[in-house]
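Engineer: Sharing a structure, written as structure tokens. Questions coming.
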Amino acid sequence: MPDKIKKITALEILDSRGEPTLQVEVELSNGTIGQASVPSGASTGRFEAYELRDDDAFRYGGKGVLKAVDNVNKILNKELNGLRVVEQKQIDDLMLSIDGTKNKSKLGANAILGVSLAVAHTAAKSTGQPLYKYLRQLYKPELKTYNLPTPVVNVINGGKHASTNIDLQEFWIVPHKATKFKDKLQQASNIFHALGELLHSVGYDTDLGNEGGYAPNVKSHREIFDMIMQAINSAGLEPDKDIILGIDAGASVFYNAETKTYDLNLDKLSMSSEEMVDYYLDLITEYPLRLLEDPFEEEDWATWTLLNKNSLIKDYKIKVIGDDLFVTNVKRLQKGLELQAANSILIKPNQIGTLSETFDAIRLAQDNDYQIIISHRSGETTDTTIADLAVAVDAQFIKTGSTARGERIAKYNRLLKIEEDLK
Ligand code: PGA
Ligand code: ZN
């Protein structure tokens, strides 16, 4: 007997920045209960689905989500009542039609995503499967083997994720050589601690930013790469061979639309698009920098294509990753495919607002040989859905912060458990 939705309730909870977000619970007629919580970005793309906030200055500085909570409790609870919980696509489509807007601004993408994910959790429970196996059934049942994603571990936080002088948003270490997830995580943790000791030894701050990476003030962006290289060596590992590097430049934040320049204040550089391309190409040849997320502003398509078509990208097997560029949206990804703007995509379910549309973006990307990086947001909860999602869709990478802070670690710990269960 397919189990039917009896009740859906939402609750306003806090995320890792202490800002309000939603936790949604779905209850079935057979008593099964599942839940999910919704993350929130700080350096959001302009084309993301709409995050509904209350704008009531007397509560949480206007950031309350009681309107979104109400939309779940009063509207979606009623409209989805009696539907079979395993009909994920039908449920997601119905929410889209109830909302009726292009960007989910009526109900709020946060309200819709909370329900969409909680429905999947509850369906997995009621069918007696771990979430990653249930999501695999929804996504691509013909895919038989399970692989764990490689973590891209954000050890230095800049941009909008920390109060430092670092313009580039994230600096990653990527343990690409080890085969087991648990070994990759251990290597990342060793490097993270070695980097902390190194920063401390030169008198730099070792407090953590939004995603758990260190957030010091530094002399230049190259100094960060040098210190990470040194930390890799201190941990007894070899840069390039064992560990490659990546960045999320988060370039929309330091792009000056008036002067059409990329302004890296830390390096005292104000660069044209072409000069910004060269800046990255120089780094690629100097360091084992192999993953580049959002190297350019989200509407600077021509420059994305210019970089992506450069022969060094192929030679060094660089992943050119669109985050704010694609916002997990098939229409934007389609444009990127036509323009050959990138070769990899960052996937954030809350950028688009339903699980089914998240699958659509991943499917289109994989059909075109893109690499997949499933990602957290800078504002997170201890919800671990993205860990299961990464395994379900056979993503090459997961991005969920450093090896510190509970809301980041929750995802890594979930992957450790999945790997153990799959043994
Ligand atoms: P955000 O940052 O969640 O603040 O948008 C993450 C990212 O840019 O990848
Ligand atoms: Zn990003």
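What follows is calculated from the coordinates using simple rules that are stated; it is not laboratory data. Because the structure is predicted, anything quoted here is derived from the model rather than measured. FYI the Cβ positions are ideal-geometry reconstructions off the backbone, even for glycines, and counts take in every protein chain you see.
Engineer: How far is it, in nm, from the label point at Glu275 to the one at Lys78 when both lie 7 Å from their Cα along the line to the Cβ?
Structural biologist: 5.9 nm
Engineer: Is the C-alpha gyration tensor of segment 94-230 telling us rounded, prolate or oblate? Criteria: a/c under 1.5 is rounded; beyond that, a/b larger than b/c is prolate, otherwise oblate. Each step should come with its number before you reach the end.
Structural biologist: Numbers: a/c = 3.25, a/b = 1.63, b/c = 1.99.
Note, shape of segment 94-230 comes out oblate.
Engineer: Please give the FRET efficiency for Lys89 paired with Leu283, using the beta carbon to beta carbon distance and R0 = 41 Å, rounded to the nearest 0.05. Intermediate results must be reported in sequence, preceding the final value.
Structural biologist: Working: r = 42 Å, r/R0 = 1.03.
The calculated FRET efficiency here is 0.45.
Engineer: Something else about it: Under unit Cβ charges (Lys, Arg +1; Asp, Glu -1), what dipole magnitude, rounded to 20 debye, does the chain have relative to its Cα centre? Numbers along the way, then the final one.
Structural biologist: Values: 49 positive and 61 negative charges, 314 e Å.
The calculation lands at about 1500 debye.
Engineer: Student exercise: in segment 240-326, how many lysine pairs 8 or more apart or on different chains have Cα atoms under 24 Å apart?
Structural biologist: Numbers: Lys241/Lys314; Lys241/Lys317; Lys241/Lys319; Lys260/Lys268; Lys260/Lys309; Lys309/Lys317; Lys309/Lys319.
Counting lysine pairs in segment 240-326 gives 7.
Engineer: Same structure, new question: Roughly what would the spin-label model give for Ile13 and Ala57, points 7 Å off Cα along C-beta, in nm?
Structural biologist: It works out to 3.1 nm between the two label points.
Engineer: Could you list, bin by bin from short to long, the percent of Cα-Cα pairs of segment 308-423 in 5 Å steps?
Structural biologist: 2, 11, 22, 21, 18, 13, 8, 3, 0
Engineer: From the square roots a ≥ b ≥ c of the eigenvalues of the alpha-carbon gyration tensor of segment 258-309, which class results: rounded (a/c under 1.5), prolate (a/b over b/c), or oblate? Show your work: numbers first, answer last.
Structural biologist: Details: a/c = 1.97, a/b = 1.16, b/c = 1.70.
Oblate is the answer for segment 258-309, as a/c is 1.5 or above yet b/c matches or exceeds a/b.
Engineer: Right, another one. Looking at the square roots a ≥ b ≥ c of the eigenvalues of the Cα gyration tensor of segment 213-267, which shape do they give, rounded for a/c under 1.5, prolate if a/b is larger than b/c, or oblate?
Structural biologist: It is prolate, given that a/c is not under 1.5 and a/b is the larger ratio.
Engineer: Quick one: which of 385-394, 163-172 comes out on top by average Cβ neighbours within 10 Å, and what's the full order, highest first? Before the final figure, lay out each step's value.
Structural biologist: Details: 385-394: 25.3, 163-172: 22.5.
Most protected by this proxy first, the peptides run 385-394, 163-172.
Engineer: Extension gain Ile33-Glu238, at 0.36 nm per residue separation less the Cα-Cα distance, in nm? Could you put the intermediate results ahead of the total?
Structural biologist: Details: separation 205, 0.36 × 205 = 73.80 nm, distance 4.68 nm.
Full extension from Ile33 to Glu238 adds 69.1 nm.
Engineer: Follow-up question, since we're still on this one. Running Debye on the chain with equal point scatterers at the Cα sites and no solvent, what base-10 log of I(q)/I(0) appears at q = 0.09 Å⁻¹?
Structural biologist: Treating every Cα as an identical point scatterer, log10 I(q)/I(0) equals -0.53.
Engineer: Still on this structure, please answer the following. Just want to confirm a number: the relative contact order over the chain, from Cα pairs under 8 angstrom separated by 6+ residues, in percent. All intermediate terms of the calculation are to be shown ahead of the outcome.
Structural biologist: Details: 899 pairs, mean separation 79.0, N = 423.
Normalised by residue count, the contact order of the chain is 19 percent.
Engineer: When the chain is fully extended, how far beyond the present Cα-Cα distance does Glu142 get from Tyr316, taking 0.36 nm per residue of separation?
Structural biologist: On the way: separation 174, 0.36 × 174 = 62.64 nm, distance 3.25 nm.
Going from the current span to full extension adds 59.4 nm.
Engineer: May I ask you to compute the full-extension gain from Lys102 to Lys177, defined as 0.36 nm times their residue separation minus their alpha-carbon distance, rounded to one decimal in nm? Each step should come with its number before you reach the end.
Structural biologist: Working: separation 75, 0.36 × 75 = 27.00 nm, distance 4.25 nm.
Working it through step by step, the gained length comes to 22.7 nm.
Engineer: Follow-up. With no solvent and one equal point scatterer per Cα, compute the Debye intensity ratio I(q)/I(0) for segment 24-103 at 0.11, 0.18, 0.25 Å⁻¹ and report its log10, rounded to two decimals.
Structural biologist: Computed log10 I(q)/I(0) values: -0.38, -0.96, -1.40.
Engineer: Order these peptides, 335-343, 295-303, by their mean beta-carbon neighbour count within 10 angstrom, highest first. Display every interim value, and only then the final one.
Structural biologist: Working: 335-343: 18.6, 295-303: 20.2.
Result, highest mean Cβ count within 10 Å first: 295-303, 335-343.
Engineer: Hey, what's the per residue convex hull volume over the C-alpha atoms of segment 256-372, in cubic angstrom?
Structural biologist: Values: hull volume 12.7 nm³, N = 117.
Dividing the Cα hull volume of segment 256-372 by its residues yields 109 Å³.
Engineer: Same structure again: Do you know the relative contact order of segment 326-395, to the nearest whole percent, from alpha carbon pairs under 8 angstrom that are 6+ apart?
Structural biologist: Working: 78 pairs, mean separation 21.4, N = 70.
Contact order relative to length: 31 percent.
Engineer: Mind checking which helices in the chain clear 15 Å along their axis (Cα) and have mean Kyte-Doolittle hydropathy of -1.0 or more, DSSP H runs only?
Structural biologist: Qualifying helices: 88-99, 109-126, 181-201, 221-234, 273-286, 355-367, 406-422.
Engineer: Taking segment 1-149 as the region of interest, what is the percent of Cα-Cα pairs per 10 angstrom bin, listed from the shortest bin to the one with the maximum distance?
Structural biologist: With 10 Å bins starting at 0, P(r) equals 11, 39, 33, 15, 2, 0.
Engineer: Could you please state, rounded to a whole Å, how far the C-alpha centre of segment 296-331 is from the C-alpha centre of segment 46-84?
Structural biologist: Between the Cα centres of segment 296-331 and segment 46-84 lies a distance of 33 Å.
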